[in-house]
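One structure is given below, encoded as structure tokens.
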Ligand code: ADP
Ligand code: MG
């Protein structure tokens, strides 16, 4: 490549805001010559490099913007430890069909059984697939919506949130049942909300001792006397 052409490409790539294109145009030129690529093959390889970087940056930005409490991936989930959830079930959810189908996922279970980790793992998958995601605790969502309501911009806020294909609400169980009516205005509205949430939901019930206490010599946490019925594999 002559230096004139190189600087022209650098200029054009800058104008296109495509820095990877500038780098790959130079880097791939030698490979293209050696391997006898056609002009089209060379162009495709350069564009592909740009698209790949944009995809990776986009995913990274979406992950950062989502507000996950930690970066936990589905790959790191130990299904041998957590037997009450089927690996295939979670891997199916990780294909993100539930987003297009507009199905809710409800994760139930005692502390430390992996609810936040699975929700985060699915959320990160969604970010990587190009979806915008927001994660917050139920308390934080309530604060945010209450603030918007008081400021008279609840409708704008709901419209804005409607543009996110995936919203994650963590720690719903920490809101005592008696305050749901306060949050939603009255008990009937609260009951209707819960009814709708659960109706279109894949309900996953996690069981067992806290993973946080795994390998710690603290003895077993006493179980509550009542037994819960499992709704795993509700699909
Ligand atoms: P929960 O939200 O149900 O209280 P978390 O998802 O926060 O539980 O899990 C507690 C900790 O244990 C986190 O650090 C999480 O990554 C880890 N953890 C829980 N279950 C598993 C698992 N099956 N495999 C790997 N790590 C797990
Ligand atoms: Mg949690």
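Write down Rg/Rh for region 76-137, rounded to two decimals, with Rg from the C-alpha atoms and Rh from the Kirkwood relation over Cα pairs. Using Cα coordinates only, the ratio equals 0.94.
Taking the number of Cβ atoms within 10 Å of each Cβ as an exposure proxy, the fewest-first ranking of 115, 214 is 214, 115.
Using a simple spin-label model with pseudo-atoms 7 Å out from Cα toward Cβ, residue 48 and residue 194 lie 5.3 nm apart.
For the chain, the calculated P(r) over all alpha carbon pairs, in 5 Å bins from 0 to the bin holding the longest distance, is 1, 5, 10, 13, 14, 12, 10, 8, 7, 6, 5, 4, 3, 1, 0, 0 percent.
Relative to its Kirkwood radius, the Cα radius of gyration of region 74-213 gives an Rg/Rh of 0.97. With r defined as the distance between the Cβ atoms of residue 12 and residue 71 and R0 fixed at 35 Å, what FRET efficiency is calculated, to the nearest 0.05? It comes to 0.45. Helical content of the chain, expressed as a calculated mean residue ellipticity at 222 nm, amounts to -16500 deg cm²/dmol (DSSP H runs of 4 or more residues, -39,500 (n - 2.57) each, divided by residue number, nearest 500). Put the Cα centre of region 84-158 next to the Cα centre of region 161-186 and the gap is 11 Å. Averaging the sequence gap over all C-alpha pairs within less than 8 Å and six or more residues apart, then dividing by the number of residues, gives the chain a relative contact order of 23 percent. Per residue, the convex hull spanned by the Cα atoms of region 3-59 amounts to 73 cubic angstrom. Taking the number of Cβ atoms within 10 Å of each Cβ as an exposure proxy, the fewest-first ranking of 193, 117 is 193, 117.
Where a number appears in this text, it was derived from the coordinates with a stated rule and is not lab data. In this text the structure is predicted, and so the values were computed from the model without any measurement. Positions of Cβ are generated from backbone atoms using ideal geometry, with glycine treated the same way; all protein chains shown enter the neighbour counts.
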